[in-house]
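This report refers to the structure that appears directly beneath it.
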Amino acid sequence: GFISGDFISHPVGFFLQGLFQSIDKAQFQLIVFSNNAKIDSVTNQLKLHADQWNQIENLSDDSCAELIHKENIDLLIDLSGHTARNRIGVLAYKPAINQATWLGFFGSTGVPEVGYVIADNITITKEEERYYVEKVLRLPNCYLNLMMPEAVKERTSLPCDTNGFITFGSQNNLTKMTDEVVSVWSDILSAVPSSRLLLRSSQLSSERVLDRTKQRFAKMGIAADRLILHGQSLRGQVLETYRDIDIALDTFPYPGGTTTLEALLMNTPVITLKGSGFLSKIGASILTTAGLNKNIAATKEDYLEIAIRLANNVNELSNCRRRLKSNLPNTTLLNSVLFAKEFENLVKGIVGKNE
C-alpha cells in the first residue's frame, strides 16, 4: 500500500512511475490511497499500474485507517512524512502490520507506529540511526529512481563548443539559493571570467524576483549580462534547458533531487556539496550511484575547485558527458527494472520477518 497526496506531477509522483511500471505484478499487488483530488498525466500513468486506487481526501483518519485495515496490507508505505497533504495521523492507528516511510520526507516521522524508513548507505549512516524512531532500511544504491521521459533528446556535445563560453546552470527552486550559494556561485563566475550562469525557475517569471536576483549577484560583483534568467519551468522546458548548460551547480544545504537526476539524464554533469543529515546528502547519493564521485564536494572550497577544474578542462567535461550517456541507463537511477528488483528484495525482507 502507498499513502500520499502526491500521486501527481510532483517529485514523489515522478519517482514512483518506474517502480509502478516495473515491479513484478506476479508477486506484488499495488494499492494506492490518494489524499489529493487532483488528477494529471502522472496520476493517470500511475493508475494504469495500480491494482486498486482509493481516494481518501474526504475521509477522517479513523475512517481511512479502517479502510486500509480491511485491505490486509502487508506493508503500508507513507510517501509524505510531514509535508503538505500528508496523512501521518492515519499511520498512528497502525492499520497495517508493517509500516514504512519513503521518498517524501528527509528525516524521522517521529511516529513509533512507523516501523521503517527506506534510505541508502549515504543518506542515513550508521551513526545517524539514533535520530530515527524507525528502523533504517537501506537500498544498495541510491534510494531514488527516475523513469526516462519519452522523446528526450540528450546532448553529448558541449554547449560551450557553440557558445564560446562555459555555461553553469541551476533549475532548482530559488528558495534554495541562499546568500551563501550566491556567494560561492559568484566566486565561480569570477574565477571563470567569460562564463555565464543560467537559472530557470517559475519564480523568475516575476519582474520583482528577476530584479532581486540580479541585485543579489550585483552585490557580489557579477554584472547582469553574466546571468541568463528564465521564468516558466514546465518539465519539457526544464529538460530542454539542460541542453544549454555545460555544468549544473547544485544548491546547498538543500540540494536538488529531481533536478539533479534530470540534469544527469540529459548528460549534464552536476557538482554537489555533501552536507550532514539526510537532506543535505541526497546529491551525494545520486552522484555516487552515477559514478561521479569526483564531483562531490566536502567543503565550499572543494565545490569552487571542482567547478573551476571542469570549466578549464573541456576534454574532461566531454568525457564526463560520454560516460553519463553510456553508463547512466545501466544504473538504478534510470533503470527502473534494476531498481524494482532491489526494492522488491527490501520489501520481502520486511514482510518476511512478520510471516
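The values are calculated or read from the model by the stated rules, or taken from the named source; none is laboratory data. Keep in mind the model is a prediction, meaning the values are calculated, not measured. We place every Cβ from the backbone using ideal geometry, glycine too, and count neighbours over all the protein chains shown. Note: accessible area is taken over every heavy atom of the protein model, side chains too, but ligands, DNA and RNA are not part of it. Shrake-Rupley method; radii C 1.70, N 1.55, O 1.52, S 1.80 Å.
Against the conditions (1) of a type in the set (A, V, I, L, M); (2) closer than 21 Å to Val351 by Cβ; (3) surrounded by fewer than 15 Cβ atoms within 10 Å (Cβ to Cβ); (4) touching a residue at least 12 places away in the same chain (Cβ under 8 Å), Ile3 satisfies every one except (3). Condition (residue is of a type in the set (Lys, Arg), closer than 26 Å to Leu324 by Cα and in contact (Cβ under 8 Å) with a residue 24 or more places away in the chain) applied to region 207-227: is it met by at least one residue? There is no residue in region 207-227 that is of a type in the set (Lys, Arg), closer than 26 Å to Leu324 by Cα and in contact (Cβ under 8 Å) with a residue 24 or more places away in the chain.
Inside region 126-150, residues that are open to solvent by 40 Å² or more (accessible area, probe 1.4 Å), outside any strand (DSSP E or B), more than 14 Å from Asp78 (Cβ to Cβ) and modelled with pLDDT of 95 or more make up a count of 7. Name the residues in region 82-109 that are under 18 Å from the mean Cα position of the chain (by Cα), closer than 24 Å to Ala37 by Cβ and surrounded by fewer than 19 Cβ atoms within 10 Å (Cβ to Cβ), would you? Selection gives His82, Thr83, Ala84.
Find the residue count for region 263-280, including only residues that are within 12 Å of the chain's Cα centre (by Cα) and open to solvent by 10 Å² or more (accessible area, probe 1.4 Å). Step through it out loud before you land on a result.
Initially, region 263-280 is screened for residues within 12 Å of the chain's Cα centre (by Cα), giving 263-264, 279-280.
From what's left, open to solvent by 10 Å² or more (accessible area, probe 1.4 Å): 279-280.
The total comes to 2.
For region 186-212: of the residues being among the polar types (S, T, N, Q) and more than 24 Å from the chain's Cα centre (by Cα), which is farthest from Ala307 (Cα to Cα)?
Of all residues in region 186-212, those among the polar types (S, T, N, Q) come to 186, 190, 194-195, 201-203, 205-206.
In the following step, the residues that additionally are more than 24 Å from the chain's Cα centre (by Cα) were identified as 186, 190, 194-195, 206.
Details: Ser186: 12, Ser190: 12, Ser194: 14, Ser195: 11, Ser206: 29 Å.
Among those that are among the polar types (S, T, N, Q) and more than 24 Å from the chain's Cα centre (by Cα), it is Ser206.
Just to be sure, is Leu287 modelled with pLDDT of 95 or more, part of a helix (DSSP H, G or I), in contact with a helix residue (DSSP H, G or I) (Cβ under 7 Å, 6 or more places away or on another chain) and within 23 Å of Asp120 (Cβ to Cβ)? Lay out the reasoning, then the answer.
Working: modelled with pLDDT of 95 or more: yes; part of a helix (DSSP H, G or I): yes; in contact with a helix residue (DSSP H, G or I) (Cβ under 7 Å, 6 or more places away or on another chain): yes; within 23 Å of Asp120 (Cβ to Cβ): yes.
Yes.
Please indicate, with yes or no, whether at least one residue in region 135-142 is without any contact (Cβ under 8 Å) to a residue 12 or more places away in the chain, more than 20 Å from the chain's Cα centre (by Cα) and within 30 Å of Gln17 (Cα to Cα). No, region 135-142 has no match at all. Filter region 47-81 down to residues that are farther than 12 Å from Ile31 by Cβ, under 22 Å from the mean Cα position of the chain (by Cα) and among the hydrophobic types (A, V, I, L, M, F, W, C), then give me how many there are. The total comes to 1.
Being surrounded by fewer than 21 Cβ atoms within 10 Å (Cβ to Cβ), farther than 25 Å from Ile286 by Cβ and touching a strand residue (DSSP E or B) at 6+ places or on another chain (Cβ under 8 Å): is that true of Asn121 here? Before you say what the answer is, go through the steps one by one.
Details: surrounded by fewer than 21 Cβ atoms within 10 Å (Cβ to Cβ): yes; farther than 25 Å from Ile286 by Cβ: no; touching a strand residue (DSSP E or B) at 6+ places or on another chain (Cβ under 8 Å): yes.
Against the criterion (surrounded by fewer than 21 Cβ atoms within 10 Å (Cβ to Cβ), farther than 25 Å from Ile286 by Cβ and touching a strand residue (DSSP E or B) at 6+ places or on another chain (Cβ under 8 Å)), Asn121 does not qualify.
Restricting region 260-282 to residues that are outside any loop (DSSP other than H, G, I, E, B) and hydroxyl-bearing (Ser, Thr, Tyr), the residue that is farthest from Glu240 (Cα to Cα) is Ser280.
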